[in-house]
1. Can you find, within the range B:151-165, the residue that is nearest to the chain's Cα centre (by Cα) among those that are within 7 Å of chain A (Cβ to nearest Cβ), in contact (Cβ under 8 Å) with a residue 12 or more places away in the chain and crowded, with 23+ Cβ neighbours inside 10 Å?
2. Is it true that some residue in the range A:79-93 is under 18 Å from B:Ile139 (Cα atoms), facing chain B (nearest Cβ under 8 Å) and either surrounded by 15 or more Cβ atoms within 10 Å (Cβ to Cβ) or not β-branched (Val, Ile, Thr) (or both)?
3. Would you check which residues across the range A:66-78 are surrounded by fewer than 17 Cβ atoms within 10 Å (Cβ to Cβ) and of a type outside the set (Val, Ile, Thr) and list them?
4. Quick one: B:Trp362 ticks every box in (1) touching a Pro at 6+ places or on another chain (Cβ under 8 Å); (2) assigned to a helix (DSSP H, G or I) bar one, so which box is it?
5. How do the helices (runs of 4 or more DSSP H) wholly within the range B:191-253 filter down when requiring 2 or more residues that are within 12 Å of chain A (Cβ to nearest Cβ) and within 21 Å of B:Thr366 (Cα to Cα): which remain?
6. What's the total number of residues in the range B:14-41 that are out of contact with any Gly (no Cβ under 9 Å at 6 or more places or on another chain), aliphatic (A, V, I, L, M) and either farther than 10 Å from B:Phe120 by Cα or modelled with pLDDT under 95 (or both)?
7. Just give me the residues in the range B:262-300 being among the charged types (D, E, K, R) and over 24 Å from B:Ile139 (Cβ atoms), in sequence order.
8. Against the condition more than 8 Å from chain B (Cβ to nearest Cβ), modelled with pLDDT of 95 or more and either under 20 Å from the mean Cα position of the chain (by Cα) or not in a helix (DSSP H, G or I) (or both), how does A:Leu36 come out, does it pass?
Amino acid sequence: MPLLFPLVLSALLFGIGTYVVMARRHAVLVLMGVELMLNAVNLNLVAFDAWWHDALDSGQVLALFVIAIAAAEIGLGLAIVLLVFRTHQHINVDAMRELADRDGGQRADQEASKHTDRGAGSSPDRVAVTPP
Amino acid sequence: MTTQVIDWWAIAPPLCLVAAAITALLVDAFAPRGSRALPCAISLVGVLAALLASAALSSHSRATFCLPASGIEQPVNCSWVIDDVTLAWWLIILVSTGLIGMLLQPSVHRGELPGGELYFLLLSSATGALCLAAARDLITLLVALETLSLPSFALVGLRRRNRRGAEAALKFFIVSVVATAFTLLGISMVYGATGSVAAGRIATSVATGAAVEPVIAVGMVLTLVGFGFKVAVVPFQVWVPDTYVGAPIGVAAYLSVVSKAAGLAGLVIVLVRFFSPYVDLWSPMVAVAAALTMTLGNLAALRQSHVVRLLAWSSVAQAGYLLVPLAAGGSEADIGAMQAYALMYAIVNVSAFAVVGAVSAWGAVTVDDFRGLVRTRPWLGLALTFALLCLAGLPPGIVGLVAKVAIFRSAVEGELTWLAVVLAINVALGLVYYLRFVAALLTPAPVRAAVAEPPASGQPGGQREPHGAELFVVIVTFIAAAVLSIFPGPLFFVLP
């Protein structure tokens with residue numbers, strides 16, 4: 001099989017992944033986009049490994065590492081998404097502007113920090129059952 | 001089938017940290033309640049052991065995990081190399097990790113952060129930083145970069161039920177994993193074009209022109225993305241202010257010092273060890289990135305009144321200064337100047353974050369809240385003043401001035417006169433906000449100050465005496481910066 005086929009497929013996958021990351025606002029879909037990008041890289045690595053007939057199989061070894069890293073990233077990512085859902089009751093990436101830079105921001109920042117303290121004190125049980 | 005001989009001494013420092021990390025986690029899980037200082041103590045022992053182990057390595061350079069030579073065109077190549085440059089990075093990383101570990105202890109003491117998890121994550125991340133500075137192949141680099149990053153996401157979001165912490169962690173996480181995905185794409189391209197992941201073999205294949213040039217150039221640029229993200233180079237700086245503000249202050253200090261130093265080490269390794277034949281291609285790129293980073297960082301810092309946000313943008317500007325020696329070509333003298341600057345920056349930045357952390361625990365958020373700190377809390381106020389003057393490069397903060405002169409000289413010697421001019425303008429620009437902050441600290445009459453007129457100590461947000469560990473960090477960093485200002489010689493121990 002020519003090297004071109006897997007490379008084109010991998011470029012497509014990486015492009016779709018990048019698009020999903022940029023266009024979607026749902027945090028879980030963003031994670032899926034990242035996963036697509038990582039798997040596109042895996043395809044690249046394995047294809048190059050086969051093409052070079054690499055005696056050390058560096059490409060395959062790296063692909064294994066990438067799979068492990070992707071799993072760790074997704075595990076941690078879902079934990080963070082869960083944390084955000086508990087504190088914000090939604091996981092819309094674009095709606096998170098509490099920390100954003102504000103003009104003449106000192107009052108606004110203090111307001112925000114007071115608001116944070118209230119938010120932190122609210123009951124976690126009530127939060128967990130609220131639909132998004 | 002041959003077995004590989006591993007030089008255990010060469011990997012002892014990261015192993016010390018790993019052992020301490022696991023011990024801290026287990027001890028915290030099984031120790032009786034009330035022993036909140038144990039994880040911190042264990043991790044400090046680990047950091048000290050790692051420092052001693054790396055001091056024992058300093059006599060000559062070592063290498064392990066080597067590929068045997070095959071033929072003339074493929075010489076011996078080692079994945080793990082410890083030389084003077086590596087050891088200097090290790091010193092910076094270990095000392096700052098130890099200090100930041102102490103800085104975080106007060107929050108653990110107050111029960112805001114879980115001790116075992118905190119120190120486990122901190123030391124795991126620092127292990128990644130150490131591995132990054134010693135790595136000489138793309139796989140080790142990548143795994144080290146991820147070991148550095150993944151625990152730091154968790155560190156940012158570690159405060160329970162904190163809206164801002166969660167938001168900061170999510171922003172940091174998403175930008176970081178996308179940057180890593182681009183780095184991986186770059187690595188796969190470099191591997192595809194050269195057929196190897198080892199530094200020496202890639203450099204040989206690039207130098208002989210055996211590799212496909214455009215592919216490898218694009219691969220190189222993409223590989224830099226992940227490291228540029230760690231250093232907060234423009235255009236990868238967007239996460240910095242939000243994450244620093246949302247994270248616990250000690251973690252913000254960690255991101256601005258250890259994570260940045262490791263990212264710089266990674267950039268130096270990738271550019272100098274892998275792609276030195278392409279110096280004409282990457283040197284102008286790094287120069288433009290450095291100029292943009294310092295200018296944007298300083299301009300954005302000018303209009304900040306939130307103290308942590310101010311320090312965040314100042315750390316972006318400092319990242320720009322740190323890149324200048326690399327733009328000048330990354331010779332040994334350049335790397336020495338960069339490391340001298342990084343050491344200075346690590347000490348004074350930890351000092352600044354320590355004071356800000358101690359003061360903001362009683363509700364000070366903006367520069368106005370810090371007004372008159374030198375009068376009310378002379379030690380804290382003077383230490384913060386001195387740290388800011390060092391960051392600005394003004395006497396009596398001579399150490400900052402000396403470090404700035406070093407990078408300035410490497411820009412001039414690298415024939416980057418325009419970058420030297422941009423650097424000078426930016427240093428002047430930085431004076432504006434550093435001095436405004438210093439002026440606020442020195443102002444005699446507090447206008448409206450949480451610091452000067454604390455609410456009664458029983459109320460929430462009331463004034464709290466700084467924890468002993470915080471004071472210790474403040475005093476140690478202050479003395480270190482003062483001593484280096486009088487005798488700047490040791491700063492340049494890495495210079496040939």
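The values are calculated or read from the model by the stated rules, or taken from the named source; none is laboratory data. Treat the numbers as computed from the prediction; the structure is a model and nothing was measured. Every residue, glycine as well, gets a Cβ built from its backbone with ideal geometry; the counts of neighbours run over all protein chains shown.
1. B:Phe153
2. Narrowing the range A:79-93 to residues under 18 Å from B:Ile139 (Cα atoms): none.
No.
3. A:Ala68, A:Ala71, A:Ala72, A:Gly75, A:Leu78
4. (2)
5. Values: elements: B:199-207, B:213-231, B:239-246.
In the range B:191-253, B:239-246 are the helices (runs of 4 or more DSSP H) which contain 2 or more residues that are within 12 Å of chain A (Cβ to nearest Cβ) and within 21 Å of B:Thr366 (Cα to Cα).
6. Going through the range B:14-41 one residue at a time, the tally reaches 2.
7. Within the range B:262-300, just B:Asp280 meets the criteria.
8. Values: more than 8 Å from chain B (Cβ to nearest Cβ): yes; modelled with pLDDT of 95 or more: yes; either under 20 Å from the mean Cα position of the chain (by Cα) or not in a helix (DSSP H, G or I) (or both): yes.
Judged against the criteria, A:Leu36 is a match.
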